[in-house]
C-alpha cells in the first residue's frame, strides 16, 4: 500500500478493444451517461462541458486503455464518490480498473453492497449542501494512477463489514467546510443530489501506485441557460424569432385530414 491509500475494486468490468495506436498514446477517458447513452460534450478553451438535465439520473464511465491496472480518484462536486470526502487526488480512495476495461459508477458508495444514485438538481438540494461544502459544485473530476510495474505479493481482499457514516454530514449542517468559507447555495444552478439506493457490490484492495497521476480529466456541467450565458450553447429561438422564419409555401401536396390520420 502506498501512502496509506486504500482502493476499492469493482467486482466486474466491461472489456473494450485496445486503441488502434500504441497503448501509451491512447487517452484515458471519462464519459457521462444518461439512460446509458453518452452525453454530448462541448469544448471551450481548456474546459469540457455537458448540459445537465434537471432531475435526471446519470452515471460516469471510466476507461482504462492500457495493459496495466489503474486506480482512479473520482469526485463529484468536489466529494469523493466512495466516501464523500474532499481530499487530494493522491489521498483519495480509488476505483480500480483492470487492463482494457471500463467501470461505470452510478452513485456514491454508501456500503460494500449499495450506492445511491447521482442525479441533477440545484445547489440548495444537493448532496454537497447536505454535507456542508458547496464550494466545488458543478464539476466531475477523475485522476488516473497507474500501478507500479513491480512484482508484489497477491493483494489481500476482504469484505467490508460496514462503512463509517460520513462524519462531515452526521452533524447538523455537516462539518465538510467552514461555514464562513462556504458560499450560499444557488437556487437554480446545477448540482448533484444523492438519490435512490441501488445494488453495487465492492471489495477493498491495497495497491502500490505511482506517485503522480497519469491523467487528470474534468467535466463541468450546467443547465441550458448557464451554458448559453457562457457562450457554449445558443439560446432557443424566441416565439417572435420563430415567426420571422415562417414561410407561406412549402410543397403543393394536399392538406392532411386529422380525422383520417389513423387510416
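Rule-based calculations on the coordinates, nothing more; no lab input. It should be emphasised that the depicted structure is a prediction, and the values quoted were computed from it without experimental measurement. In this analysis, Cβ positions are derived from the backbone assuming ideal geometry, glycine residues included, and neighbour counts consider all displayed protein chains.
Fewest first, what order do 208, 188 take by the number of other Cβ atoms within 10 Å?
188, 208
At what distance in nm do the modelled label points of residue 211 and residue 87 sit from each other, each positioned 7 Å from its Cα along Cα→Cβ?
Between residue 211 and residue 87, the label points sit 1.9 nm apart.
Provide the gained length on full extension for the span residue 111 to residue 56, in nm with one decimal, where the gain is 0.36 nm per separating residue minus the Cα-Cα distance.
Net length gain for the segment: 17.5 nm.
Can you compute the FRET efficiency between residue 197 and residue 43 using 1/(1 + (r/R0)^6), with r the Cβ-Cβ distance and R0 = 30 Å? Round to the nearest 0.05.
For R0 = 30 Å, the calculated efficiency reads 0.30.
Given R₀ = 45 Å, what would the calculated FRET efficiency be for residue 224 paired with residue 98, taking r from the Cβ atoms and rounding to 0.05?
The value I calculate is 0.75.
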